[in-house]
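*Asks:* Encoded as structure tokens, here's the structure I'll be asking about.
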Amino acid sequence: MEEDKVKVLIIGSGPAGYTAAIYAARAGLTPMLYTGGQPGGQLTTTNDVENFPGYPEGINGPQMMMDLQKQAERFGTKVNYGLITSVDFSSHPLKVVVDEKDTIVAESIIIATGATAKYLGIPSEETYANRGVSACAVCDGYFYRSKEVAVVGAGDSAAEEATYLSKLCTKVHLIVRRDEMRASKIMQQRVLNTTNIEIHWNTETDEILGDDHGVNGVRLSNTKTGEKKDIAVQGFFLAIGHKPNTDIFKGQLDMDESGYLKVQPGSTLTNVEGVFAVGDVADRIYRQAITAAGSGCMGALDAEKFLAAKEMETVH
């Protein structure tokens, strides 16, 4: 059982983790980063990123993550492929276990484990991932201008995504499983007042239909009558929520009812001294690459400040 000692340990490798690494490395803190099970995070499942500033022609998601990794490594970040399987934040220094075997002792930890979009669990979702199936309207809606799309979900995010898409698309089909929505009254009103959103109540998605060019329809079934129907759409958007990747922090860090890590407003500080949360793991609202990157920068600066203060204590 090996034991590594590091000043800054970064858990996760999306825009938040890599940006934290770039800042921490340039501050001379020689951070160590563990990529997690999906190196590069959610963006590696996105072909075209067109809304990240500085890329007028857009950039391919996996390429962007590779660029960020190279930039982090250039300044001295040690990037390791591996999964943090358990943590012990009960005392300082902080301890984590990698791949259930190696222990790392860290003076500070930046958590950038992200969140995972929830899927319905039907095989055609995977078949047409990035070819008409998306879990982010703000990211991908632009590609469906003047087309018909479907959104599945009944909460605020589904209402928001449907309303957002209604401004770009000719028609939006909102697929709701029950005979009512969970969304707040104001969001429901917005959906009902939008003429090109059609709500399909008591409806479930049986299958996403398509061909070599991608999605071209969706097969729906009525939960009350069992009646099936196909509708023609070019895009299928999932808005049934995200699950933050925080299971290993349960009982160690404060989180909200959905599992998002709680941070002090305007900072990345968690309830444990020396532990910082950045990116989608602590952001249930914006969930964009650019906001994740921004909070990664904040996390590194917060960690640097924390370490400097600790050093001063030791000197005195």
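The values are calculated or read from the model by the stated rules, or taken from the named source; none is laboratory data. If you're wondering where the values come from, they're calculated on a predicted model, not measured in any experiment. Ideal geometry is used to build each Cβ from the backbone, glycine not excepted, and the neighbour counts take in all protein chains shown.
*Asks:* Got at least one residue in region 238-256 being assigned to a helix (DSSP H, G or I), surrounded by 15 or more Cβ atoms within 10 Å (Cβ to Cβ), modelled with pLDDT of 95 or more and at positive phi?
*Replies:* To start, the set of residues in region 238-256 that are assigned to a helix (DSSP H, G or I) comprises 247-249.
Imposing the further condition that a residue be surrounded by 15 or more Cβ atoms within 10 Å (Cβ to Cβ) reduces the set to 248-249.
Narrowing the set further to residues that are modelled with pLDDT of 95 or more leaves 248-249.
Okay, now just the ones that are also at positive phi, so none.
Checked region 238-256: no residue is assigned to a helix (DSSP H, G or I), surrounded by 15 or more Cβ atoms within 10 Å (Cβ to Cβ), modelled with pLDDT of 95 or more and at positive phi.
Every residue, every condition in (1) in contact with a Gly (Cβ under 8 Å, 6 or more places away or on another chain); (2) farther than 19 Å from Ala117 by Cβ; (3) not aromatic (Phe, Trp, Tyr), yes or no:
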position: Phe236; (1), (2), (3): yes, no, no
position: Gly241; (1), (2), (3): yes, no, yes
position: Pro244; (1), (2), (3): yes, no, yes
position: Gly251; (1), (2), (3): no, yes, yes
position: Met255; (1), (2), (3): no, no, yes
position: Gln264; (1), (2), (3): no, yes, yes
position: Thr270; (1), (2), (3): no, yes, yes
position: Glu273; (1), (2), (3): no, yes, yes
position: Val281; (1), (2), (3): yes, no, yes
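*Asks:* What's the total number of residues in region 139-162 that are under 15 Å from Gly235 (Cα atoms) and surrounded by 15 or more Cβ atoms within 10 Å (Cβ to Cβ)? Talk me through it step by step, then tell me what you get.
*Replies:* Of the residues in region 139-162, the ones under 15 Å from Gly235 (Cα atoms) are 139-153, 158, 161-162.
From what is left, the residues that are surrounded by 15 or more Cβ atoms within 10 Å (Cβ to Cβ) are 139-141, 143-144, 147-153, 158, 161-162.
Adding up the residues that qualify gives 15.
*Asks:* Now for a different question. Return the residue satisfying two criteria in turn: it lies in region 175-189 and is more than 16 Å from Ser221 (Cβ to Cβ) and under 26 Å from the mean Cα position of the chain (by Cα), and of such residues it is surrounded by the fewest Cβ atoms within 10 Å (Cβ to Cβ).
*Replies:* Restricting attention to region 175-189, the residues satisfying the condition of being more than 16 Å from Ser221 (Cβ to Cβ) are 180-189.
Retained after the next criterion (residues that are under 26 Å from the mean Cα position of the chain (by Cα)): 181-184, 186-188.
Numbers: Met181: 22, Arg182: 14, Ala183: 21, Ser184: 12, Ile186: 9, Met187: 19, Gln188: 17.
In this case the residue turns out to be Ile186.
*Asks:* Report the residue count in region 113-169 for those that are closer than 21 Å to Arg190 by Cα, within 16 Å of the chain's Cα centre (by Cα) and either modelled with pLDDT of 95 or more or in the same structural domain as Phe52 (by TED's automatic domain parsing) (or both).
*Replies:* 0
Residue-wise test of (1) in contact with a strand residue (DSSP E or B) (Cβ under 8 Å, 6 or more places away or on another chain); (2) aromatic (Phe, Trp, Tyr).
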{"site": "Leu165", "(1), (2)": "yes, no"}
{"site": "Cys169", "(1), (2)": "yes, no"}
{"site": "Arg178", "(1), (2)": "no, no"}
{"site": "Arg182", "(1), (2)": "no, no"}
{"site": "Val191", "(1), (2)": "yes, no"}
{"site": "Thr203", "(1), (2)": "yes, no"}
{"site": "Gly235", "(1), (2)": "yes, no"}
{"site": "Tyr260", "(1), (2)": "yes, yes"}
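*Asks:* Say we look at region 63-76 and pick out the residues that are under 18 Å from the mean Cα position of the chain (by Cα) and surrounded by fewer than 16 Cβ atoms within 10 Å (Cβ to Cβ); which of these is nearest to Gly36 (Cα to Cα)?
*Replies:* Met66
*Asks:* Follow-up question, since we're still on this one. Please specify each residue of region 163-220 satisfying the condition of being touching a Ser or Thr at 6+ places or on another chain (Cβ under 7 Å), over 13 Å from Phe236 (Cβ atoms) and of a type in the set (A, V, I, L, M, F, W, C).
*Replies:* Selection gives Val176, Val191, Ile197.
*Asks:* Going residue by residue through region 14-26, is there one that turns out to be among the polar types (S, T, N, Q) and either farther than 24 Å from Asp302 by Cβ or in contact with a Lys or Arg (Cβ under 7 Å, 6 or more places away or on another chain) (or both)?
*Replies:* No: region 14-26 contains no residue that is among the polar types (S, T, N, Q) and either farther than 24 Å from Asp302 by Cβ or in contact with a Lys or Arg (Cβ under 7 Å, 6 or more places away or on another chain) (or both).
*Asks:* For the subset of region 277-301 comprising residues that are in a helix (DSSP H, G or I) and of a type in the set (S, T, N, Q), which member is nearest to Ala25 (Cα to Cα)? Before the answer, list the steps.
*Replies:* Filtering region 277-301 down to residues in a helix (DSSP H, G or I) leaves 279-281, 289-301.
Now narrow it down to the ones that are of a type in the set (S, T, N, Q): 291, 295.
Working: Thr291: 20, Ser295: 16 Å.
Here the residue is Ser295.
*Asks:* Here is a further query. Looking at Glu204, Glu273, Glu311, Glu304 in this structure, which one is assigned by TED's automatic domain parsing to the domain that holds Ser134 and either out of contact with any Phe, Trp or Tyr (no Cβ under 7 Å at 6 or more places or on another chain) or part of a strand (DSSP E or B) (or both)? Break it down into steps so the answer makes sense when it comes.
*Replies:* On the way: Glu273 fails: assigned by TED's automatic domain parsing to the domain that holds Ser134; Glu311 fails: assigned by TED's automatic domain parsing to the domain that holds Ser134; Glu304 fails: assigned by TED's automatic domain parsing to the domain that holds Ser134.
Being assigned by TED's automatic domain parsing to the domain that holds Ser134 and either out of contact with any Phe, Trp or Tyr (no Cβ under 7 Å at 6 or more places or on another chain) or part of a strand (DSSP E or B) (or both) holds for just one of Glu204, Glu273, Glu311, Glu304, which is Glu204.
*Asks:* Being within 16 Å of the chain's Cα centre (by Cα) and in the same structural domain as Thr270 (by TED's automatic domain parsing) is the requirement here; does Met32 meet it?
*Replies:* Against the criterion (within 16 Å of the chain's Cα centre (by Cα) and in the same structural domain as Thr270 (by TED's automatic domain parsing)), Met32 does not qualify.
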